[in-house]
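The values are calculated or read from the model by the stated rules, or taken from the named source; none is laboratory data. Not measured: the values here are computed from a predicted model. Cβ placement follows ideal geometry from the backbone for every residue including glycine, while neighbour counts extend to all protein chains displayed. For the accessible areas, the whole protein counts, side chains as well, though only heavy atoms, and no ligand, DNA or RNA atoms are used. Shrake-Rupley method; radii C 1.70, N 1.55, O 1.52, S 1.80 Å.
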Amino acid sequence: MSEEWKGFTTRLLHERYQPEAATGALTLPIFQTSTFVFENPEQGAARFGGTEEGYMYSRLGNPTVDALAERIAILENGEMGVAFGSGMAAISHVMMGLVKKGDHIIASDALYGCTFAFFQSILAERFGVCVSFVDTSDMQKVMDSLRPETTVLYLETPANPTMKLSDIRALAQLVKPHNVKIVVDNTFMSPYLQRPLELGADVVVHSATKYISGHGDVVGGLAVGSKELMTSIKKSFLKDIGGVMGPFDAFLLLRGLKTLTVRMDKHCANAMKVAEFLRDHPAVERVLYPGLPDFPQYELAKQQMNGFGGTLSFEVKGGVEKGRRVMNSVRLCQLAVSLGDVHTLIQHPASMTHAVIPREERLQVGITDGLIRLSVGIEDVDDILQDLDGALSK
Ligand code: LCS
């Protein structure tokens, strides 16, 4: 298919998309194989030696997995994509590809709990990389944290679960002259709503488990960046550490991706209505959603994102006890971690997704004990509102 089409959804479906050559199958088959047969020993040697293109072994590359990696690169407008067995595998392989002992990383202070734990307990405590957790919404604080040995600025925007934003374009302009690479976790937005590489980032990572899958049936990760960097991550770190994605998971993600834009539009519309409903509800203390005009970074959200996303957090009056009662009382919303599913999911960051972060540090970044996170699904919104209203009024 030619590349004349400009619309995001059309490109998502058609750009560089061909029916499968051997059979004409419209949908790419699942190449559920661990290994690939060579015609002769010379061919095997040439492939391992890098003088002939072609598959060898599915840890080194697989056609279904590569098709997904190519699609995410198209959508993020980057040179090359790589798929991993989980979002954490994407983050850890990319970071290992970018830093070495003695380097310094600046990371957003509000991060998904396991990303925080990887930086703190593995990179910093075991591998001699220094990590500063900084409020990356504050340019001055980032500037003050820069050191000669800083190699990576790692941003999660919006941050899980506080929804705090970092200004990718402004931060890129700030740190680029210092030779610092910017990695952005784009999980909450998907490439439909935010494209960090276009704003100056070097690498974008995803937990594909979330909006890219959309159906709550697969764990996976993706990363996109320059051909040089991603080739080195695929051919060295992924090859030798091995956090690969399986072909069936890639197939599920390719399938989920096809409906990304229609799902995201519904997620965003529903989340906006839920955010307004919660803001106006007498039992609710505060709502964190970038689409509300009183959200502190509302203007940045409008500039940097093409929509406000499907996830929000809120705090009920009466603290943890009342919050627990709400989570016990919902009937439509499912009490589960993860996000980006077609079903509405509700969870408690302080005791679940972010429990690994010490309480003092959690409180400092606004992950209070009473905070509840809601991943708004694509159900009929009046039913979600009715469920929340019933639970809040108990
Ligand atoms: N990045 C973000 C922003 C995430 O929210 C998650 C998982 C990951 C990376 C890791 O991805 P995974 O390895 O799970 O594919 N977030 C989760 C959450 O909020 N609830 O359960 C998992």
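So here's what we get for this one:
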{"read-out": "Residue identified as hydrophobic (A, V, I, L, M, F, W, C) and away from the ligand (no atom under 15 Å from the Cβ) among Ala21, Ala90, Ala110, Ala117", "value": "Ala21"}
{"read-out": "Selection within the range 164-174 - without any contact (Cβ under 8 Å) to a residue 40 or more places away in the chain and open to solvent by less than 10 Å² (accessible area, probe 1.4 Å)", "value": "Leu171, Ala172"}
{"read-out": "Flag for Ile233 being within 16 Å of the ligand (Cβ to nearest atom) and either surrounded by 22 or more Cβ atoms within 10 Å (Cβ to Cβ) or within 30 Å of Thr35 (Cβ to Cβ) (or both)", "value": "no"}
{"read-out": "The range 269-284 - residue that is open to solvent by 20 Å² or more (accessible area, probe 1.4 Å) and part of a helix (DSSP H, G or I) and, of those, nearest to Gly61 (Cα to Cα)", "value": "Ala269"}
{"read-out": "Candidate set: the range 366-393, residues that are of a type in the set (A, V, I, L, M) and part of a loop (DSSP other than H, G, I, E, B); chosen: the one surrounded by the fewest Cβ atoms within 10 Å (Cβ to Cβ)", "value": "Ile378"}
{"read-out": "Verdict on Gln297 being crowded, with 17+ Cβ neighbours inside 10 Å and under 16 Å from Pro161 (Cα atoms)", "value": "yes"}
{"read-out": "Any hit, the range 143-163, residues being surrounded by fewer than 22 Cβ atoms within 10 Å (Cβ to Cβ), of a type outside the set (Ser, Thr, Tyr), assigned by TED's automatic domain parsing to the domain that holds Pro196 and within 27 Å of Phe308 (Cα to Cα)", "value": "no"}
{"read-out": "Within the range 185-230, tally of residues that are hydrophobic (A, V, I, L, M, F, W, C), open to solvent by less than 10 Å² (accessible area, probe 1.4 Å) and assigned to a helix (DSSP H, G or I)", "value": "2"}
{"read-out": "Residues located in the range 303-329, provided they are out of contact with any Gly (no Cβ under 6 Å at 6 or more places or on another chain) and either part of a strand (DSSP E or B) or among the β-branched types (Val, Ile, Thr) (or both)", "value": "Thr311, Leu312, Ser313, Phe314, Val326"}
{"read-out": "Residue satisfying condition, being more than 16 Å from the ligand (Cβ to nearest atom) and in contact (Cβ under 8 Å) with a residue 40 or more places away in the chain, within set Leu199, Leu257, Leu193, Leu253", "value": "Leu199"}
{"read-out": "Test for Met80: is it away from the ligand (no atom under 16 Å from the Cβ), open to solvent by 30 Å² or more (accessible area, probe 1.4 Å) and touching a helix residue (DSSP H, G or I) at 6+ places or on another chain (Cβ under 6 Å)", "value": "yes"}
{"read-out": "Cross-chain or 6+ apart pairs with Cβ under 7 Å, the range 26-43 first and assigned to a loop (DSSP other than H, G, I, E, B), then modelled with pLDDT under 95", "value": "Leu26/Pro19; Leu28/Glu20; Pro29/Glu20"}
{"read-out": "Per-region count, the range 161-181, residues within 16 Å of the ligand (Cβ to nearest atom) and in contact with a helix residue (DSSP H, G or I) (Cβ under 8 Å, 6 or more places away or on another chain)", "value": "2"}
{"read-out": "Residues that are open to solvent by 20 Å² or more (accessible area, probe 1.4 Å) and in a helix (DSSP H, G or I), drawn from the range 330-365", "value": "Arg359, Glu360, Glu361, Leu363, Gln364"}
{"read-out": "Subset of the range 27-59 (residues that are crowded, with 17+ Cβ neighbours inside 10 Å and in contact with a helix residue (DSSP H, G or I) (Cβ under 8 Å, 6 or more places away or on another chain))", "value": "Leu28, Ile30, Phe31, Phe38, Tyr55, Ser58"}
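Results for (1) of a type in the set (Ser, Thr, Tyr); (2) assigned to a helix (DSSP H, G or I); (3) crowded, with 17+ Cβ neighbours inside 10 Å, shown as yes or no for each residue.
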| residue | (1), (2), (3) |
| --- | --- |
| Phe237 | no, yes, yes |
| Met245 | no, no, yes |
| Ala250 | no, yes, yes |
| Arg263 | no, yes, yes |
| Arg286 | no, no, no |
